[in-house]
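Each remark here refers to the structure printed beneath this line.
The values are calculated or read from the model by the stated rules, or taken from the named source; none is laboratory data. The structure presented is a predicted model; accordingly, all values stated were derived computationally and were not measured. Cβ: placed from backbone, ideal geometry, glycine included. Neighbour counts: every protein chain shown. Side chains included, ligands, DNA and RNA excluded: accessible areas come from the protein's heavy atoms. Shrake-Rupley method; radii C 1.70, N 1.55, O 1.52, S 1.80 Å.
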Amino acid sequence: MKEYILSLDKDYKKITSGELSLSGKNPGGDEISFTNYFITLKGRPFMVICGEFHFSRYDHHLWEKEIVKMKMNGVNVVSTYIFWIHHEEVRGEWEWTGSKNLRAFIELCGRHGLFVIIRIGPFNHGEVRNGGFPDWLYGMPCEIRGNDEEYLKIVSDLYGEIGRQVQGLLYKDGGPVIGTQLENEHNHSAALWAHTAGVNEKWCPTGSDGEEHLLRLKQIALASGIDTPLFTCTGWGGASTPAGEMLPLWGGYAYWPWIYYEKDRDPGEEHPATPEYIFRDKHNNSIPESYNFKPKYRPEDYPYACCEMGGGMTQFYKHRFVFDYNSVPAMTLVKAAEGCNFLGYYMFHGGSNPPGKTIPHTNDKATPCISYDFDAMVGEFGQIRESYRRTKLQHYFFTTFGEQFCKTGTILPENASAISPDDCQTLRYACRSAEGAGFLFINNFQDHREMPAKKDVLIVLQREGEALKIPSRGTLSIPKDSFCLYPFHFSFGRAHLNYATAQLITKMEAQGKEYYFFCTPFTDSAEYSFRAEGISRISGSRIVSTEGDEIIVTAGRENPLFEFEDEGGNCFAVYTLSDEESLNFWKARVQGRERVFLSGTTVMPFEDHLKLESENNPSFSLKVFPDFQRIPEYCGTPVTVGKGDTLFSEYVFAAEKKEITPAVRRLSPDRAVLTFTQEMFTGVEEVLLKIRYRGDMGQAYIDGKLIHDNFGNGTEWVIGLTGHRNDILEKGLLIYISPLQTGFRINSQSVMAGWSREADESLGEILSIEAIPVYSSELHNV
């Protein structure tokens, strides 16, 4: 047995206000303001869950559905870049319609109760051509990204256009726009001017005039009517950060494909294990700086907030990787433990680069022309990934118990931050605690490494001479590559939970009780330790021990529910979900009250119906608690009632099964023409084409026009076809695998200016093609 002792004697967190000159009220008097540690909404701590979704990279007809998916994950703020090149590709010709309709996108976010942060540039990057600058800016007589007056005049035109689009939608007007990011990575990052690629490779500057430039941009934004409670800027990499006037935002990524563009970097070199999964304290004046966090202010003066926690990563041409979706919730765990009460993901939702008017593609040259899937929690075609399902559990916890959580401070074991990312043996753990009560974080995940299970672990939390052992009897076993968040000294009315080896998700009132939902991440059972004092009765699950002042209850898949009553007569119920069940857990307001659901489908509530999506499975099962007041209807017929369980009622129904088999005409091992029929697209939400291949790149064309591409990394290439249905039906779809070449060289041995590319070996082959239906069903009478 290995014992780990952590003292909580110094778990007092000093929370003050007044350092940030940022705040704002809406017409109803609801104020957004700031302490030095968190945002407040209506005077109460507000835990921010912010997800990046680029409206101009997605079909506007589908925005609402995808916004609802974000909301169902627990996101409460949507952030979005406004890419200048998407809106003024041609000087003076502004585009704000269709999928570039910023106003309509913001209105949809507001309709579903989500706040919005607009990232207005002028420089954004975001793997967009020129970092978002339109090509014509290259030829203007000014120095960009600084206080050159001619440049600022042009920026005023941009901000003025944005200001007109958002008028009436700002928080002060009763709208959802609460924040504005100015510039991006100023004095830190730049981008290639795309038209110079392959010639003199000219890059735009990283910026000049430092904080003064950011302050000038803020003045221009305010003068343009962009007046929000929150102004932000990026803080990492020594970027310009006029703290006090703007909130610096931070982040971190588990995948760094850009490092393979360094001059002497071997493209075959193994990606390093990143320091992202080591616990640190990012809100502590005695630790003025740490990995990827070197603020130009005292850390405790302002909240530690993030806008670019890696919700995925896009493939770069020089570095292909297979993304580990568990890297996202593991990072969420670490950032929250570090003192972050403002979790922001880039990207949360993938997309596709729109074509240009005068240029064929608007991507950064290192990344695919069309695809910006980013391996995000919600994919380029609305796919729900494991990262979405696991962060959903965390986000439900943070939003349900945010007021309590935001007031807890970071407590680390000695030398916790000195652990090497390559150290896969040392247990990584931390606490967030206030007055002895809080949450234990355990991280056994490390990117680009396999973390072995940690067995026979005993954690002892000490405070004021008392010791809490977790567990009180026996030891913990931490599965390989896992992570968890356990509550300790948690109150249920007058009843007291000493600890639980289960992760708290959410709670709600129903049937005269408070129901609490927990899960057992990466395991199947959990232990709950209560003080006997304060509990008048307890029943259900398996009561292991009632010795002394402790009651121990075990719960899991076979016995998920137990109930108890405190000495004040308050009734509580605890339901424990297995790891597998928890990934299918949803929470939403339906039929006038909060309900929880278990379903392997994607659950999306709308005003007059409940929409469910399922990839390649026409059978739908929806478990609900509390039960619906009315039996829902599918296609006008009451839904069949299923078995349910001790708590949930179940409804089952099925869509018509669809077999989609396009005609495939092989032109060569690396080329094929696909032909579809109208019937193949009928009755389904989406058709996903899944292709496996060997080669360098996959490219899909309709009548010579590139509609999608993929950098080969050994995984399947996925294309959503429904948005191109009419063209595909009329003209067919060509799949081409650009070959992977070795030993290539340029042959220019000609006296007539002729040259060619030769290679020792060229490999390009389509291995398989499969079309998968995405079924969609609407339940009415809900």
Taking into account only those residues within segment 203-234 that are touching a residue at least 40 places away in the same chain (Cβ under 8 Å) and open to solvent by 80 Å² or more (accessible area, probe 1.4 Å), which is farthest from L41 (Cα to Cα)?
-> D209
Tally the residues that are open to solvent by less than 20 Å² (accessible area, probe 1.4 Å), among the small types (G, A, S) and closer than 22 Å to F342 by Cβ, restricting the search to segment 252-290.
-> 2
Can you pull out the helices (runs of 4 or more DSSP H) entirely within segment 311-405 that have at least 2 residues that are open to solvent by 10 Å² or more (accessible area, probe 1.4 Å), modelled with pLDDT of 95 or more and among the basic types (K, R)?
-> 386-400
Sort out which residues of segment 149-168 are part of a helix (DSSP H, G or I), within 22 Å of L108 (Cα to Cα) and open to solvent by 60 Å² or more (accessible area, probe 1.4 Å), and write them in order of number.
-> R164
Do we find that I49 is β-branched (V, I, T) and in a loop (DSSP other than H, G, I, E, B) in this structure?
-> no
Some residue of segment 454-469 being assigned to a loop (DSSP other than H, G, I, E, B), on the phi > 0 side of the Ramachandran plot and surrounded by fewer than 16 Cβ atoms within 10 Å (Cβ to Cβ) = yes
Exactly one of F606, F625 is open to solvent by less than 20 Å² (accessible area, probe 1.4 Å) and modelled with pLDDT of 95 or more, and that residue is F625
Which members of segment 415-440 meet the condition of being open to solvent by 30 Å² or more (accessible area, probe 1.4 Å), within 22 Å of S477 (Cα to Cα) and not polar (S, T, N, Q)?
-> D422, D423
Scan segment 633-648 and give yes if some residue there is open to solvent by less than 40 Å² (accessible area, probe 1.4 Å), part of a loop (DSSP other than H, G, I, E, B) and either among the small types (G, A, S) or at positive phi (or both), otherwise no.
-> yes
In this structure, is N726 surrounded by fewer than 20 Cβ atoms within 10 Å (Cβ to Cβ) and assigned to a loop (DSSP other than H, G, I, E, B)?
-> no
Name, by its number, the condition in (1) over 24 Å from R164 (Cα atoms); (2) surrounded by fewer than 21 Cβ atoms within 10 Å (Cβ to Cβ) that does not hold for G24.
-> (1)
Looking at segment 736-754, which of the residues that are out of contact with any Phe, Trp or Tyr (no Cβ under 8 Å at 6 or more places or on another chain) and of a type in the set (A, V, I, L, M, F, W, C) is surrounded by the most Cβ atoms within 10 Å (Cβ to Cβ)?
-> L740
Take H361 and decide whether it is touching a Cys at 6+ places or on another chain (Cβ under 7 Å) and of a type outside the set (D, E).
-> yes
Select from segment 169-201 the residues that are in contact (Cβ under 8 Å) with a residue 12 or more places away in the chain, in a loop (DSSP other than H, G, I, E, B) and over 23 Å from Y346 (Cα atoms) and list them in ascending order.
-> L169, G174, G175, W193, A197
If a residue has to be open to solvent by less than 50 Å² (accessible area, probe 1.4 Å) and touching a residue at least 60 places away in the same chain (Cβ under 8 Å) to count, how many in segment 755-767 make the cut?
-> 2
Note on M451: of the conditions (1) farther than 20 Å from S582 by Cβ; (2) open to solvent by 10 Å² or more (accessible area, probe 1.4 Å), unmet is (2)
Screening P618, P560 for residues that are over 27 Å from the mean Cα position of the chain (by Cα) and within 24 Å of I772 (Cβ to Cβ) leaves only P618
Could you check, for segment 594-613, whether at least one of its residues is under 22 Å from T400 (Cα atoms), in a loop (DSSP other than H, G, I, E, B) and either touching a strand residue (DSSP E or B) at 6+ places or on another chain (Cβ under 7 Å) or of a type outside the set (A, V, I, L, M) (or both)?
-> yes
Can you name the residue in segment 551-561 that is in a strand (DSSP E or B) and not β-branched (V, I, T) and is also most open to solvent (accessible area, probe 1.4 Å) among such residues?
-> L561
Long-range neighbours under 6 Å by Cβ, at least six apart or interchain, first residue over 15 Å from W586 (Cβ atoms) within segment 381-406, second surrounded by 21 or more Cβ atoms within 10 Å (Cβ to Cβ) and among the β-branched types (V, I, T) | S387/V328
In segment 235-251, how many are more than 21 Å from T332 (Cα to Cα) and open to solvent by less than 20 Å² (accessible area, probe 1.4 Å)?
-> 6
Out of segment 74-105, which residues are surrounded by fewer than 20 Cβ atoms within 10 Å (Cβ to Cβ) and at positive phi?
-> G92, G98
Residue that is surrounded by the most Cβ atoms within 10 Å (Cβ to Cβ), among those in segment 45-64 that are within 30 Å of F405 (Cβ to Cβ) and touching a strand residue (DSSP E or B) at 6+ places or on another chain (Cβ under 7 Å) | G51
If we scan segment 135-147, do we find a residue that is buried (at least 18 other Cβ atoms within 10 Å of the Cβ), basic (K, R) and assigned to a helix (DSSP H, G or I)?
-> no
